[in-house]
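Take a look at the structure below.
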Amino acid sequence: MSKTFTPADVATHKDASSGLYIIIDDGVYDVTNFVDEHPGGAKILKRVAGKDATKQFWKYHNEGVLKKYGGKLRVGSVAEKAKL
Ligand code: HEM
């Protein structure tokens, strides 16, 4: 199911109780159940939860990562681009 989120909606999902959402490009990803298996570590993902992590994401990953995990983790799209 795909939803449309504003950056403000995503910002409410920044801890384990509300779920950990991050924005990459125009996508919103729920990484709540992924943090513990993230090869880059849980800490770094928790730090960007609720935020636009596009810059950080593309610094450490390539297209293949979103192709592999995007289908499983993507919960929707951002209505407007977050200001960095
Ligand atoms: C949907 C979100 C994400 C997914 C599915 C994901 C997945 C992965 C995967 C599969 C790797 C292993 C390396 C590779 O195959 O390229 C990795 C490494 C890493 N990730 Fe992520 N990641 C996500 C978000 C992030 C974010 C937002 C950050 C930074 C804030 C981050 C930081 C890192 C770092 C530092 C590494 C280690 C790179 C290295 O050892 O060279 N990741 N991630």
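The values are calculated or read from the model by the stated rules, or taken from the named source; none is laboratory data. Not measured: the values here are computed from a predicted model. Backbone-built Cβ (ideal geometry, glycine too); neighbour counts: all protein chains shown. Ligands, DNA and RNA are excluded from the accessible area calculation, which covers all protein heavy atoms including side chains. Shrake-Rupley method; radii C 1.70, N 1.55, O 1.52, S 1.80 Å.
Can you name the residue in the stretch 63-83 that is closer than 13 Å to TYR21 by Cβ and more than 9 Å from the ligand (Cβ to nearest atom) and is also least open to solvent (accessible area, probe 1.4 Å) among such residues?
GLY76
When you scan the stretch 33-46, do you find a residue that is surrounded by fewer than 17 Cβ atoms within 10 Å (Cβ to Cβ), outside any loop (DSSP other than H, G, I, E, B) and within 6 Å of the ligand (Cβ to nearest atom), even just one?
yes
Rundown of residues vs (1) free of Cβ contacts under 8 Å to residues at least 40 places away in the same chain; (2) of a type in the set (Val, Ile, Thr), yes/no style:
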site	(1), (2)
HIS38	yes, no
GLY41	yes, no
ARG47	yes, no
LYS51	no, no
THR54	yes, yes
PHE57	yes, no
TYR60	yes, no
LEU66	no, no
LYS72	yes, no
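Quick one: which of TYR60, TYR29 is within 11 Å of the ligand (Cβ to nearest atom) and open to solvent by 20 Å² or more (accessible area, probe 1.4 Å)?
TYR60
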